[in-house]
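K.L.:
The structure's right below; bear with me while I get my questions together.
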Amino acid sequence: MNSRIPMLEALRVHLQTNPLPLHVPGHKMGRGFPMDAAPWLGQALRLDLTELPGLDDLHQPSGAIREAQELAAETFGSEETYFLVGGSTAGNMAMILTACRPGESIIIPRNAHKSVHNAIVLAGARPTYLYPEVDRQFGIPTEITVQEVRRALEENPDAQAVMLTSPTYQGICSDIAAIAAEVHGRGKLLLVDEAHGAHFSFHEKLPVSAIRLGADLVVQSTHKMLGSLTGSAMLHGKHGRYDGERLRTMLGMVQTSSPSYLMLLSLDAVRHEMATRGRGLLDEALEALDVGRNEVNKLSGLTLYEGKNITSGVDPFKWWIQVEGLGLNGFDAEELLRARKGIFFEMADEAHLLAVFSYADTQKQVNRLVEGLRFLAETRADHLASGAGKRNRPVFPQPHFRLEQAALPKDALHGLRRRVKLEVATGQVAAEPVIPYPPGIPLILPGERYTSELVEYLQGMKQIGARFQGTVDPTVEYVRVLE
Ligand SMILES: Cc1ncc(COP(=O)(O)O)c(C=O)c1O
């Protein structure tokens with residue numbers, strides 16, 4: 001059964017009818033597509049179609065899309081799978097809108113992706129937060145422990161669901177099986193943002209996917225760590241604890257009524273590719289990464305994150321590379337490797353680079369990065385002499401300020417706001433988050449009330465040169481608060 005690609009079959013059959021397209025999209029199977037760009041898209045434009053007889057309907061599938069989703073469910077280990085054309089962003093929104101009615105409570109990671117925080121606003125839900133562990137040496141949030149989930153559940157017996165991000169951006173997993181047992185033991189739903197883990201089902205050396213470990217709903221950005229088109233993703237469901245009808249309603253609300261058939265085809269084709277050849281491809285890439293890691297470990301001044309204390313798995317396809325030992329900060333290292341070696345990273349911060357590999361990478365690509373890092377290491381003496389690596393390290397561990405939630409995030413978004421100087425923010429209700437980066441864990445979120453301890457702490461962070469995200473004013477001289 002896995003040898004079929006129903007979306008491709010349906011599109012092929014359609015083309016064989018020599019169709020006259022008296023329907024949208026207006027480029028009419030490529031004829032009218034802008035001339036300068038058309039050669040880049042080539043044949044693909046003939047497949048950029050819409051819901052036509054024989055091509056099924058994403059929102060009420062009964063043909064090729066339904067079959068493709070069923071094959072995906074079988075392959076990824078779920079009971080039902082929904083194709084998404086709005087990324088994991090749409091999946092996170094649909095999951096949270098399904099789990100929470102206005103005013104209801106949900107437990108989410110404090111450092112969740114912005115789509116999760118936005119979904120809380122849309123749902124009018126009341127969030128309470130899980131605090132991840134922090135790796136002080138590497139400056140990143142890591143796993144969320146079972147004990148932390150238990151604490152949050154005990155403090156919030158009314159919560160409808162617990163949501164986790166696993167793996168994190170840096171590839172660090174939480175103990176989903178143990179957390180699922182804890183969450184289900186109290187009759188709640190477990191939702192997992194597995195945006196960065198779509199490849200987990202295809203190799204035994206990778207962490208196990210959350211859908212196989214007991215989560216109820218799991219979203220995956222198939223476009224991130226597998227090879228579907230950008231913006232395409234999947235939502236997997238299992239165990240029937242959630243309201244499926246409500247989920248389909250919410251998916252219909254957050255997704256376009258004109259889904260891209262190129263995206264849908266890519267999801268189906270990637271499922272097929274991984275089911276038939278995925279293990280071999282991953283195996284080759286994993287071997288190349290092992291060789292590369294050994295080489296990097298021989299370079300002095302560079303350290304690769306290994307996740308030694310993490311028991312639930314770390315994704316070997318993510319390399320979190322600490323460069324400060326070279327006397328360079330991450331931004332300078334990124335710029336050097338981009339300008340001199342044509343290497344583009346997923347991200348950089350004061351002390352690190354994040355390289356993301358996938359099953360599409362072989363020894364050739366891994367070696368190119370290793371060579372680039374060797375070049376960095378060889379020019380180390382110059383960096384050290386220039387003092388370029390001097391930076392202000394944030395102070396870890398970052399304290400958790402348990403703040404009063406004076407307004408729902410929804411009300412904080414819609415309420416009138418004004419800017420005030422940080423030093424007079426005590427007692428005011430935040431209208432925007434303040435997120436020191438690293439480690440990217442918000443100190444205050446919309447709807448929470450500033451305390452004098454928090455204001456003092458933020459002033460200290462500013463003095464040591466910390467960077468912030470989330471605020472309109474990046475220097476955090478001013479913050480937005482509710483009128
Ligand atoms: C943890 C996490 N969740 C969700 C998303 C959103 O995914 P998408 O870009 O597929 O909408 C991202 C994107 O970076 C992410 O890092």
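K.L.:
How far, in nm, would the chain grow between Asp382 and Leu20 when pulled straight, counting 0.36 nm per residue and subtracting the alpha carbon separation?
P.N.:
123.8 nm
K.L.:
Next question, about the same structure. Between Thr311 and Thr256, what is the label-to-label distance in nm when each label sits 7 Å out along the Cα-to-Cβ direction?
P.N.:
My value for the distance between the label points is 4.5 nm.
K.L.:
Further question: Please tell me the relative contact order of region 58-275 in percent, rounded to the nearest whole number, where contacts are Cα pairs under 8 Å and at least six residues apart.
P.N.:
Values: 437 pairs, mean separation 57.2, N = 218.
Once normalised by length, the contact order is 26 percent.
K.L.:
Could you quote the convex hull projected area for the chain, Cα atoms only and averaged over all directions, in nm²?
P.N.:
Working: hull surface 97.2 nm².
If you wrap the Cα atoms of the chain in a convex hull and average its projections, you get 24.3 nm².
K.L.:
Sequence neighbours fewer than 8 away in the same chain don't count; with that in mind, list the lysines whose C-alpha is under 24 Å from Lys410.
P.N.:
Partners within reach: Lys114, Lys188, Lys421.
K.L.:
Grab the DSSP H runs of the chain that are 4 residues or longer, score each as -39,500 (n - 2.57), total them, divide by all residues and round the 222 nm result to the nearest 500 deg cm²/dmol.
P.N.:
Values: 16 runs with 171 residues, N = 483.
Per the formula, -10500 deg cm²/dmol.
K.L.:
On a full-extension model of 0.36 nm per residue, what is the gain between Ala181 and Asp411, subtracting their alpha-carbon distance, rounded to one decimal in nm? Mind showing how you got there, number by number?
P.N.:
On the way: separation 230, 0.36 × 230 = 82.80 nm, distance 3.37 nm.
Extra length from Ala181 to Asp411 when fully extended: 79.4 nm.
K.L.:
To continue, here is another question. Just order 37-43, 165-171 by mean Cβ neighbour count inside 10 Å, highest at the front, would you?
P.N.:
So the peptides 37-43, 165-171, ranked by packing, come out 165-171, 37-43.
K.L.:
Counting alpha carbon pairs within less than 8 Å and at least 6 residues apart, what relative contact order, in whole percent, applies to the chain? Don't skip to the end; give the middle numbers.
P.N.:
On the way: 942 pairs, mean separation 66.2, N = 483.
Relative contact order for the chain comes out at 14 percent.
K.L.:
Here's a follow-up. Could you tell me the relative contact order of region 409-482? Use alpha-carbon pairs under 8 Å, at least six residues apart, and round to a whole percent. Write out the running numbers ahead of the final one.
P.N.:
On the way: 139 pairs, mean separation 31.8, N = 74.
Relative CO of region 409-482 lands at 43 percent.
K.L.:
Keeping the other protein chains in place, figure out the carbon and sulfur percent of the accessible area of the chain, with a 1.4 Å probe. Provide the component values of the computation, followed by the final result.
P.N.:
Numbers: 10520 of 20740 Å².
Percent of accessible area from carbon and sulfur atoms in the chain: 51.
K.L.:
Roughly how many Å² is the accessible area per residue of the chain, as a whole number, for a 1.4 Å probe?
P.N.:
Values: 20740 Å² over 483 residues.
Here the per-residue accessible area is 43 Å².
K.L.:
In addition: Calculate, for Arg4 and Arg248, the FRET efficiency according to 1/(1 + (r/R0)^6) with r their C-beta to C-beta distance and R0 35 Å; round to the nearest 0.05. List each step's numbers first, then the result.
P.N.:
Numbers: r = 24 Å, r/R0 = 0.70.
The computed FRET efficiency comes out at 0.90.
K.L.:
What is the packing order of peptides 44-51, 18-25, 452-459, taking the mean over residues of other C-beta atoms within 10 Å and listing the highest first?
P.N.:
Working: 44-51: 17.9, 18-25: 11.1, 452-459: 15.9.
In descending order of packing, they fall as 44-51, 452-459, 18-25.
K.L.:
If you don't mind, there's one more thing I want to ask. How many nm is it between the label spots at His239 and Leu41, if each spot is 7 Å from the Cα in line with the beta carbon?
P.N.:
Roughly 4.2 nm, to one decimal.
K.L.:
Peptides 472-483, 434-445: what's the order by average Cβ count within 10 Å, highest mean first?
P.N.:
On the way: 472-483: 15.9, 434-445: 21.0.
Packing order, densest peptide first, comes out as 434-445, 472-483.
The values are calculated or read from the model by the stated rules, or taken from the named source; none is laboratory data. The model shown is predicted, which means the values in this text are computed figures rather than measured ones. Every residue, glycine among them, receives a Cβ derived from its backbone with ideal geometry; neighbour counts consider all protein chains shown. Quick note on the areas: whole protein, heavy atoms, side chains included, nothing else; ligands and nucleic acids left out. Shrake-Rupley method; radii C 1.70, N 1.55, O 1.52, S 1.80 Å.
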